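Single-structure report; data block below.
The values are calculated or read from the model by the stated rules, or taken from the named source; none is laboratory data. These numbers come from a predicted model, not from an experiment. Positions of Cβ are generated from backbone atoms using ideal geometry, with glycine treated the same way; all protein chains shown enter the neighbour counts.
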């Protein structure tokens, strides 16, 4: 993006590019604009969930930009999509390996036992991290009703993900049926489709995430585990858009601030969860072919190499 700003947008573009480069994730003075990129990631479960859900938002945004009438932007974003695909692969397979190992440890310890007692990551903790990173990534799509999104679409800067699958590409008068939250109750009404482009893209994103979660659930089903992971309602834990400032449980049921504060640790990671994850990830594993207790080996090695190949050489 910095390359595009430097190459095609003159002095204003160069100034904006420098400002982008000055911003760093979590920096107190110059943090990233979008909050999901300022959240701390200090354990592998957070990292895998970030690459599964936040990089998947990157995929959806790049897919919409790849439809741009600005050819350099379209070509650049199409190339970037290959990189995002690798990031999402790392996230999805990372969580898959954790789930596989959790199932193995549950089987060894007895399904009624707490898997933390044998150094595994329990499914409720995995669900909490899923809730957090999915809801943070929903915010990255912006507000549900947006005049900026309408302007970008009208001027050809952005399209919709998989624009070629739609029958009508101008959508000047088309409407989108959207749910609002007014006076403590849901209300549905029509919004001009161009103003709802953020929500159209969010719909595609939610569907793509749901497919990934279903692949995770097949691991649980194959292992004979009755629990299932699920995406929380899109109103849950939102900080941008019409649902920010309100509180909802993972099923989308509204609740008071007091109820939220009392129960939030049931649905989102808390300090105790972080401490536990850090405790089981504190000891590095250097020996080729060996893996930490909380994660299963990958199905195959990289570039047709064996799993126990010495991919990284370290001085101990």
- The listed residue being modelled with pLDDT under 95, within 19 Å of residue 92 (Cβ to Cβ) and more than 20 Å from the chain's Cα centre (by Cα), out of 245, 301, 224, 289: 301
- Task: Might you let me know whether region 255-268 holds any residue that is touching a strand residue (DSSP E or B) at 6+ places or on another chain (Cβ under 9 Å), closer than 25 Å to residue 216 by Cβ, in contact (Cβ under 8 Å) with a residue 40 or more places away in the chain and not in a strand (DSSP E or B)?
- Result: no
- Task: Answer with yes or no whether residue 46 is in a helix (DSSP H, G or I) and at pLDDT 95 or above.
- Result: yes
- Query: Could you say whether any residue in region 300-308 is surrounded by 13 or more Cβ atoms within 10 Å (Cβ to Cβ) and farther than 28 Å from residue 142 by Cβ?
  - Reply: yes
- Item | Lone qualifier among 160, 177 - being in contact with a strand residue (DSSP E or B) (Cβ under 7 Å, 6 or more places away or on another chain) and over 24 Å from residue 255 (Cα atoms) | 177
- Note on the structure: For residue 232, the lone unmet condition from (1) over 20 Å from residue 254 (Cα atoms); (2) surrounded by 15 or more Cβ atoms within 10 Å (Cβ to Cβ) is (1)
- Just give me the residues in region 77-93 being at pLDDT below 90 and crowded, with 19+ Cβ neighbours inside 10 Å, in sequence order. none
- Message: So residue 200 ticks every box in (1) touching a strand residue (DSSP E or B) at 6+ places or on another chain (Cβ under 8 Å); (2) outside any helix (DSSP H, G or I); (3) surrounded by 13 or more Cβ atoms within 10 Å (Cβ to Cβ) but one. Which box is left unticked?
- Response: (2)
- Message: When you scan region 177-184, do you find a residue that is in a loop (DSSP other than H, G, I, E, B) and either at pLDDT 95 or above or surrounded by fewer than 17 Cβ atoms within 10 Å (Cβ to Cβ) (or both), even just one?
- Response: yes
- When you scan region 94-108, how many residues do you find that are exposed (fewer than 15 other Cβ atoms within 10 Å of the Cβ) and either in contact with a helix residue (DSSP H, G or I) (Cβ under 9 Å, 6 or more places away or on another chain) or not in a helix (DSSP H, G or I) (or both)? 1
